[in-house]
1. Give me the pairs, please: first residue somewhere in segment 87-113 and at negative phi, second residue anywhere and outside any strand (DSSP E or B) and of a type in the set (S, T, N, Q), beta-carbon distance under 6 Å, and either six or more positions apart or on two chains.
2. Consider SER75 carefully, then state whether it is surrounded by 17 or more Cβ atoms within 10 Å (Cβ to Cβ) and among the hydroxyl-bearing types (Ser, Thr, Tyr).
3. Quick test for you: out of ILE143, ILE153, pick the one residue that is at pLDDT below 95, of a type in the set (A, V, I, L, M), open to solvent by less than 80 Å² (accessible area, probe 1.4 Å) and touching a Lys or Arg at 6+ places or on another chain (Cβ under 9 Å).
4. Considering only strands (runs of 3 or more DSSP E) fully contained in segment 80-181, which possess at least 1 residues that are of a type in the set (Gly, Ala, Ser)?
5. List every residue pair whose Cβ atoms sit under 6 Å apart, with the two residues 6 or more apart in sequence or on different chains, where the first one lies in segment 38-50 and is among the acidic types (Asp, Glu) and the second, anywhere, is surrounded by 17 or more Cβ atoms within 10 Å (Cβ to Cβ).
6. Is one or more of the residues making up segment 90-99 surrounded by 14 or more Cβ atoms within 10 Å (Cβ to Cβ), of a type in the set (Gly, Ala, Ser), touching a Ser or Thr at 6+ places or on another chain (Cβ under 8 Å) and under 28 Å from LYS26 (Cβ atoms)?
Amino acid sequence: MFTILLVVAIVIAIAIAVVLILASTKPDSFRVQRSVAVKAPAEKIFPLINNFHQWANWSPWEHRDPAMKRTFSGSESGKGAVYAWDGNKNVGSGRMEILDASSPSKIVIKLDFFKPFEGHNTAEFSMLPQSEAGPATTINWVIHGPAPFMHRIMQVFMNFDRMIGKDFEAGLAKLKSLAEK
């Protein structure tokens, strides 16, 4: 019996060591980016992102918790606008603040997560005019930030680019639909 327990303990120790070694090879920062082409001018898209009150119409996370508590403070829109949320396990809790809003081309947001995991990141939206016939814009949505060691351990088991990216794609599709109306 002792031999079996010893073998199991050694296997578990090796598995933990492998996970820790793999985690240590992961980068200490992360970046996820998605883009979409929209048949609308940047001036029509910009207010949908620059005003947190508009996010309910397109954000992929807004409807995952119907009872989610939302608070808005600071400026109505643009630099200084703040949006905080507290919800179920699907949305957690956090806070966003617009740090820079350069109409109609760029919005930079400080993004702080408190639950289920603490994280402090930056989200950026850029609207780039296209030279196609008629008004057209490419929207880029980027999130980037540090990857503490616990985050890197999670990356051994989860693909963050795929996980966050699919939500970005859903949000950008809704944003495109709204802007092209």
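The values are calculated or read from the model by the stated rules, or taken from the named source; none is laboratory data. Note that the structure is predicted; figures quoted are calculated from it, not measured. Every residue, glycine as well, gets a Cβ built from its backbone with ideal geometry; the counts of neighbours run over all protein chains shown. What goes into the accessible areas is simple: the full protein's heavy atoms, side chains included, and nothing from ligands, DNA or RNA. Shrake-Rupley method; radii C 1.70, N 1.55, O 1.52, S 1.80 Å.
1. Note: pairs meeting the criteria are ALA101/ASN50; ILE107/ASN50.
2. Answer is no for this residue.
3. ILE153
4. 81-86, 93-102, 119-129, 137-146
5. Once the first residue is among the acidic types (Asp, Glu) and sits in segment 38-50, its partners that are surrounded by 17 or more Cβ atoms within 10 Å (Cβ to Cβ) give GLU43/PRO104.
6. no
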